[in-house]
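Quick note: the coordinates plus some simple rules give every number you see, no bench work behind them. Worth saying up front: this structure is predicted, and the values here are computed from it rather than measured. All Cβ positions, glycine included, derive from the backbone under ideal geometry; neighbour counts span all protein chains shown.
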Amino acid sequence: METNRDLKVKSAENRAKAFSKVANQLGIHYSSLPIGMSRNKLNQSNYSKKFPQIKPFSAFFENLLLAENPQGKGAYSTIRHQVKLFIDAGIDQFNIALKKEKSPRGHFVNVTHQINDIFKDVLKGEQIIEYPIFYVWLKSQEQPSEILVLEDKKQPLITALHSEQEKTEEEDAVEHKPVEEETVVVDEAEDIVTEAFDDIANVPVGAIEQEQQQ
C-alpha cells in the first residue's frame, strides 16, 4: 500500500517528467538530478499552460525588482533592499550571463542582448540542469571573477519547413488554381517559469559539479 510520502514522490516525479518533456520540445536541453540532491530540492520550477508564452526575459527582472504587486512567492522587500544599486541603475544597465552546464568550470553565455527576447528563446539551445543560473552585474562594474569564459549567445539557424499543405498551395498557385486560406498553427507549449534563486556568495560555482560527481 502506498503511503502519503510515496504518493508525493510519485507526483513530484510525474511533474518533473512533464516539465522536462515540454522544455525539450521547446529546444531547451533540460535535465534533472535525482530526488534528494540539494539542487533538486532548491528547484521550484513549474510548468503551466496558463503562463503567457510571449513573456520576455525582462519581465522576470521587472517583477522581481520593480512591480508594485509582484507575482509569486518571495521576500521581495528583502531582495530589493539588497540589490538597491541595481534598481537605481535600471535594467538597461545590466550585464547578464547564463552558466553553461556540462562545460568546463567558469564558462558562461552572454545573454545581455537577449533581455527583450521571449524567455524560452533565451534558453533555447542551452544545457539546463534543474534551473538556469544567471550572473548579473552592472555595466559600470568589473566582470565577476567566477566568469572565466564569456561567449556570445549562438543564434539558432531558422530553417523554413513547409508542410504538405503549404507545398500543395504553392503548386496550386503556380498552376493559377484557387488557394485555400492559410491555416496558422499555434504551439500550445507555454513558457517555463523558474523561481529558484542562486546565492552566489554562499554557493561556489563549482559546488554543483562537486555534488554531481559524488
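How do 118, 128, 87, 35 line up, fewest other C-beta atoms within 10 Å first?
Working: 118 18, 128 23, 87 15, 35 11.
With the sparsest Cβ surroundings first, the list reads 35, 87, 118, 128.
Is there a pair in 10/99; 10/120; 55/124; 73/102; 10/100 whose C-alpha atoms are over 21 Å apart, and which pairs would that be? Let's see the in-between values first.
Numbers: 10/99 30 Å; 10/120 27 Å; 55/124 15 Å; 73/102 30 Å; 10/100 30 Å.
Pairs exceeding the cut-off: 10/99; 10/120; 73/102; 10/100.
Using each residue's phi in the range 114-130, evaluate 6.51 cos²θ - 1.76 cosθ + 1.60 at θ = phi - 60° and report the 3J(HN,Hα) Karplus result to the nearest Hz, with x for Gly and Pro.
9, 4, 9, 7, 4, 4, 5, 6, 5, 8, 4, x, 9, 8, 10, 10, 6
Test of understanding: ordering 138, 26 by Cβ neighbours within 10 Å, fewest first, what list do you get?
Working: 138 14, 26 20.
Placing the least packed residue first, the sequence is 138, 26.
Arrange 7, 123 by Cβ neighbour counts within 10 Å, fewest through most, would you? If you can, show how the numbers build up before the last one.
Details: 7 10, 123 26.
Starting with the residue having the fewest Cβ neighbours, the order is 7, 123.
Return a whole-number percent for the relative contact order of the range 59-163, with Cα pairs under 8 Å and 6 or more residues apart as the contact set.
27
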